[in-house]
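The block underneath contains the structure these notes are about, expressed in structure tokens.
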Amino acid sequence: MPAFEDSDFGVEKPTSAPTGRPQTPRTVEHLQRQIASGSPAKKELSNSYSHTLTVPSGEQEDGTETTIEVPASRSAVAETESLMHPLSISPSMKERRGSRNSFGTSLPIPRTKRQSRLSSVAGPDGRPTRPGMPPIQASRDIISAQLQDLASQKTGAAKDMAFAFDIDGVLVHGDRLIPEGKRVLEILNGDNELGIKIPHIFLTNGSGKIETKRCAQLSKILGSEISTQQFIQSHTPMSALAEYYQTVLVVGGENYQCREVAQTYGFKDIIVPNDIFAAQPTISPLKEFFTDEQRRTSNPRDFSKVKIDAILVFSDSRDYATDLQIIMDLLQSENGVLGTRAKDPVSQRIPIYFSQGDLLCPSEHPFPRMSQGTFRIALEAIYKQVTGVELERVVYGKPELATYKYADEVLASWMDTIHGEEKLPKNIYMIGDNPQSDIIGGNMYGWNTCLVRTGVYQGEGNDDENPANFGVFKNVLEAVQTALKKELGEDFKCEWSDAMNPVTGSHSVSAIE
Ligand code: G3P
Ligand code: MG
């Protein structure tokens, strides 16, 4: 597998190994001694405890106390910080490297153009559609082709720019449309003075459904057809892992739809936590219910005879207790066989991958909700506390370099689809709402970055730690219009008109500066 160099991240190599990583594998005896003497982190933290949490007063109006205030015997301050891999939590661009992974970690991505099994470009009648393009209007196509010929410099500039859109917090909030998102797609799909398709892809840390289903859902919300050929979810590049692992535990997603995602990616033997619970209910004593439907869709078998090669967290866990328990069992097992315990917890540990690392996600709720990153941090903390060993794991998704490299592949391929030229446009604009994911990743990859205030980021000026290099905008429409003006001229019109007929009309396209 290819390993990325530090220089890929634009950083200098630290002189010693990143703190928190085990320098040498620890023995089970060593771990048992640590566990017997208490948390390995206890000593480090004992001096820094401070008790600042107050409980509501139980005093009544007549001055009598209704509750007794018992002093906490442990700190109210979370113990996790000192346990975390430093790359997991540092919010500052100065202190972090635009990656949540250890130096030298490799993240395979599909090598070639997107494979046909991920794509769906057939219309409802089964005939191929023109992905990302409005329905065929012969006369308009002819006119716009003539216009593009006449305005060749501007047409060239339009094909030499592209947008990469974050989805949640930029175009939609969950299933709710952000209205400016709809208009933006109309403009880029041809409602502009040249009638030209301006290249754009979707680069989301969203997850949990197969690409065809998610594209169909988004096309409906946004009112423009979105093709799987221009669409990257957090787990999309993880299809490359199917070459490396035979049997995988796939975690997360509504109703374990991630099983279907893994099937689409070509994984051969896919297990989800419900399969294990159905075979062995005592594995998760905290699980409260297991519906008939869940039982019916589970594939129980004798897991003591199954060697699981890797754990893939594709989406948000719907049952933290069960998923964390089963993952912990597997991480401590001997080479991925449930019911065993590894003699060496490091060399016999199977790998674990996360499709993205966002802590928070905007949703219909007034405040952002927990995302996959919080699940990972919980797991890292539990793993470190129980075993004394730092959990090594791989995180895909923005701002990971592998995800941006994959975006280049997809963009070049999409250019081929819409303009018959498989090349990467020069001026790429990332539009996102999360400085710690969209913006830092785009900045480090040399893209223009636009931060919008419709999602996670609500600040006034630019973000202090990870400033967007092209600026901060009220919404996605403002960002796209500003970028179009920069590349195609101040007067570029974001509207098509049939009066633009170069033969009969009186119009001329705007001049490029
Ligand atoms: O963090 C969860 C995910 O839904 C974020 O998606 O589109 O903002 O990258 P997006
Ligand atoms: Mg977002």
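What follows is calculated from the coordinates using simple rules that are stated; it is not laboratory data. Since the model is a prediction, treat every value here as computed from it, not as a measurement. When we count neighbours, we look across all protein chains shown, and the Cβ atoms used for this are built from the backbone with ideal geometry, even at glycine.
Counted over segment 281-421, the DSSP beta bridges are approximately 40% antiparallel.
Return Thr449, Thr264 ranked ascending by Cβ neighbour count within 10 Å, so the fewest neighbours appear first.
Taking fewest neighbouring Cβ atoms as first place, the list is Thr264, Thr449.
If a spin label sat at a point 7 angstrom from the Cα of Asp491 along the line to its beta carbon, the backbone N atoms of segment 191-234 nearer than 15 Å would be those of 193-194.
If neighbour count is taken as other Cβ atoms inside 10 Å, put Asp149, Asp292, Asp141 in order from fewest to most.
The fewest-first ordering by Cβ neighbours comes to Asp292, Asp149, Asp141.
Each semi-axis of the equivalent ellipsoid for segment 416-506 is √(5λ) with λ an eigenvalue of the Cα gyration tensor; in descending order they amount to 31, 17, 10 Å. From least to most packed, judged by other beta carbons within 10 angstrom and beginning with the fewest, Leu324, Leu218 follow the order Leu324, Leu218. From the alpha carbon centroid of segment 335-398 to that of segment 248-279 is 17 Å. The Cβ shell under 14 Å around Lys305 holds other residues with a net charge of -2, Lys and Arg each +1, Asp and Glu each -1.
Applying both filters, DSSP loop and at most 12 other Cβ atoms within 10 Å, to the trypsin sites (Lys or Arg not before Pro) of segment 193-279 gives Lys268. When both bridge partners sit in segment 240-350, DSSP labels roughly 10% of those beta bridges antiparallel.
The GluC sites (Glu not before Pro) found in segment 453-499 that occupy coil by DSSP, while having at most 16 further C-beta atoms within 10 Å, are Glu460, Glu465, Glu490, Glu495. Rounded, prolate or oblate for segment 147-247? Axes are the square roots of the Cα gyration tensor eigenvalues, ordered a ≥ b ≥ c, and the cut-off for rounded is a/c under 1.5. Oblate. Fully extending the segment from Glu465 to Phe290 would add 58.6 nm, taking 0.36 nm per residue of separation and subtracting the current Cα-Cα distance. Taking K and R as +1 and D and E as -1, what net charge do the other residues with C-beta under 9 Å from the C-beta of Ala342 add up to? Its environment carries a net charge of +1. The calculated FRET efficiency for the pair Asn427 and Thr282, based on their C-beta separation and a Förster distance of 60 Å, comes to about 0.55.
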